Amino acid sequence: MIVYWNHSLKDHNTFSIDVRCTQFFVMDQLDDRHILQKEKIFASPHYILGGGSNVLFTKDFAGTIIHPAFKGIEVMEDSDQSRLIRVAAGEEWDDVINYCLRNRLYGLENLIGIPGCAGSAPVQNIGAYGVEAKDCIERVEGFLTDNMQPFTLSAEECCFGYRNSIFKKKLKGKCLITHVWFRLSKTEHYTLTYKALSDEMAQQNLSLETITQSILRIRNSKLPDIRKIGCAGSFFKNPVITEERFQKLQAQHPDLVSHPAPGKKVKLSAGQLIEKAGWKGKRTGDAGIYPLQALVLVNYGGASPEEIQHLYKQVYSDVRKMFNIRLTPEVNIL
Ligand code: EPU
């Protein structure tokens, strides 16, 4: 366990917002939970922070930030068909992907390049290029923070949906995820439902190497490099509306991009709505909308939390005026 007082969070959020927390608690082993319990940390204001790639701090955090940093990838089952691995929450997401690549395990390769920690993956069911974490998650382990009771939830019990899970609903703020179990396939197969990816792959041999290189190329062509430009990936979720509302909207805006969503609904592209509302590439001070992908809000250097907040509220309001759609932030705003 390592504890820092009055600690800057600048290096712990990919927006690079320079706010402070009262106490920063690095859990470098699972047993540190006993110290957290003894110090009654969970009974006072606290926030569990993984890689900080999906959070916007709008002010100093008066409380304890708990950063699970314990690592490990254990093989729980291994057969000719699949391997079941138990990944500790503090593993870097890309280290999990690289483990899969080294061991020729299929299923998560389309999720290469997503910043963050393994423990965060089930929370919002991270997804990209036609794959979601839920496609390979078999169970999630953790403990409840009010009584320290351990739990194991099956994938079904996690109630995964688009950028959603039980950890964003019933268990929000009530648990700490310690391990995620993934079942990966040993049979070569790929998900090529995303058009830009299938177009690229049509030109070359399919392999884990070529598909991951292709995904990194597509990502880099649209998303900023978080080592250079502060951002938290997609700022808003893609809105899901009823078929009926979609038809009315489509009558006014025939070029709207749409995808079928569960429950006879329609998923729109928030990036397109923001672009149509005229925000793509706009910048006020150091806060801006990324010119290559309107769903990404960026901090070009010294943007204050107020500037970013002001910007996202303007975007929200203009999209609402133009399409009568209320965008929901995907990022946690604290
Ligand atoms: N589009 C625009 N203008 C824009 C951006 C997008 O018109 O500025 C249109 C595109 O032309 C396309 C559609 O919107 O037809 C969808 O865009 P894209 O394929 O770039 O994906 P997205 O819906 O914007 C989602 C995820 C990303 C993920 C990509 C690729 C959400 C909120 N975001 O973005 O996830 O990488 O798909 O699969 O679902 C993240 O969560 O941080 C993230 C980057």
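The values are calculated or read from the model by the stated rules, or taken from the named source; none is laboratory data. Bear in mind that the values here come from a model prediction, so they are computed numbers and not experimental data. Cβ sites come from the backbone with ideal geometry, for glycine too, and all protein chains shown count toward neighbours. Just the protein is used for accessible areas: all its heavy atoms, side chains included, with ligands, DNA and RNA removed. Shrake-Rupley method; radii C 1.70, N 1.55, O 1.52, S 1.80 Å.
Residues whose amide H falls under 5 Å from that of residue 174, counting only those 5 or more places apart or on a different chain, are absent, with hydrogens built in the peptide plane. A simple rule links phi to the HN-Hα coupling: the Karplus curve 6.51 cos²θ - 1.76 cosθ + 1.60 with θ = phi - 60°, which for the range 201-213 gives 6, 5, 8, 9, 5, 7, 7, 4, 5, 5, 5, 6, 5 Hz, with x for Gly and Pro.
Across the range 112-123, coupling constants 3J(HN,Hα) worked out from phi with the 6.51/-1.76/1.60 Karplus curve, θ = phi - 60°, read 5, x, 7, x, x, 10, 4, x, 7, 4, x, 4 Hz, and Gly and Pro carry x.
How long are the three semi-axes of the equivalent ellipsoid for the range 230-333, computed from the Cα gyration tensor as the root of 5 times each eigenvalue, in whole Å, largest first?
26, 13, 11
As a fraction of the 1.4 Å probe accessible area of the chain, surface on carbon and sulfur atoms comes out at 49 percent. In this structure the range 224-316 gives 51 Å² per residue of accessible area when probed at 1.4 Å with all protein chains present. Its relative contact order, with pairs defined as Cα atoms under 8 Å and 6+ residues apart, puts the chain at 16 percent.
From helices alone, the chain scores -6500 deg cm²/dmol at 222 nm; the rule is -39500 (n - 2.57) for each run of n ≥ 4 DSSP H residues, then divide by the residue total. Only lysines eight or more places from residue 71 in sequence, or on another chain, were considered; those with a Cα closer than 26 Å are 10, 38, 40, 134, 168, 172, 174, 186. Would you work out which of 65, 210, 308 lies farthest towards the positive end of the dipole of the chain? Charges go on Cβ: Lys and Arg +1, Asp and Glu -1. The residue sitting most towards the positive pole is 308.
Here the extension length gained between residue 321 and residue 4 equals 109.6 nm, from 0.36 nm per residue of separation less the Cα-Cα distance.
For the range 151-200, state which trypsin sites (Lys or Arg not before Pro) are in a DSSP loop and have at most 16 other beta carbons lying within 10 Å of their beta carbon.
169, 170, 172, 174, 186
Pick out, in residue order, every one of the trypsin sites (Lys or Arg not before Pro) in the range 225-256 that is DSSP loop and has at most 14 other C-beta atoms within 10 Å; say none if there are none. Those that pass, being in a loop and sparsely packed, are 227, 228. Considering only the Cα atoms of the range 73-185, their convex hull presents on average a projected area of 6.6 nm².
Using the Kirkwood radius built from alpha carbon pairs, what does the Stokes-Einstein equation give as D for the chain at 4 °C and 1.567 mPa s, in µm² per second? Once the numbers are plugged in, D ends up at 62 µm²/s.
Quote the relative contact order of the range 29-164 in percent (integer), defining contacts as alpha-carbon pairs under 8 Å separated by 6+ residues.
Averaging sequence separation for qualifying contacts and normalising by length gives 17 percent for the range 29-164.
What does the net charge come to around residue 237 if you take all other residues with beta carbon closer than 10 Å to its beta carbon, with K and R at +1 and D and E at -1? My count for the surroundings of residue 237 gives +1. Across the range 230-333, C-alpha contacts under 8 Å between residues 6 or more apart give a mean separation that, scaled by the residue count, equals a relative contact order of 32 percent.
Given Cα positions, please report Rg to Rh for the range 59-114, the hydrodynamic radius being the Kirkwood one.
When Rh is taken as the Kirkwood radius, the ratio is 1.13.
The trypsin sites (Lys or Arg not before Pro) of the range 98-144 that meet both conditions, a loop assignment by DSSP and at most 15 other Cβ atoms within 10 Å of the site Cβ, are 104. Each residue of the range 258-271 was assigned a 3J(HN,Hα) from its phi angle through the Karplus expression (A = 6.51, B = -1.76, C = 1.60, θ = phi - 60°), giving 8, 9, x, 10, x, x, 6, 9, 10, 9, 9, 9, 4, x Hz with x at Gly and Pro.
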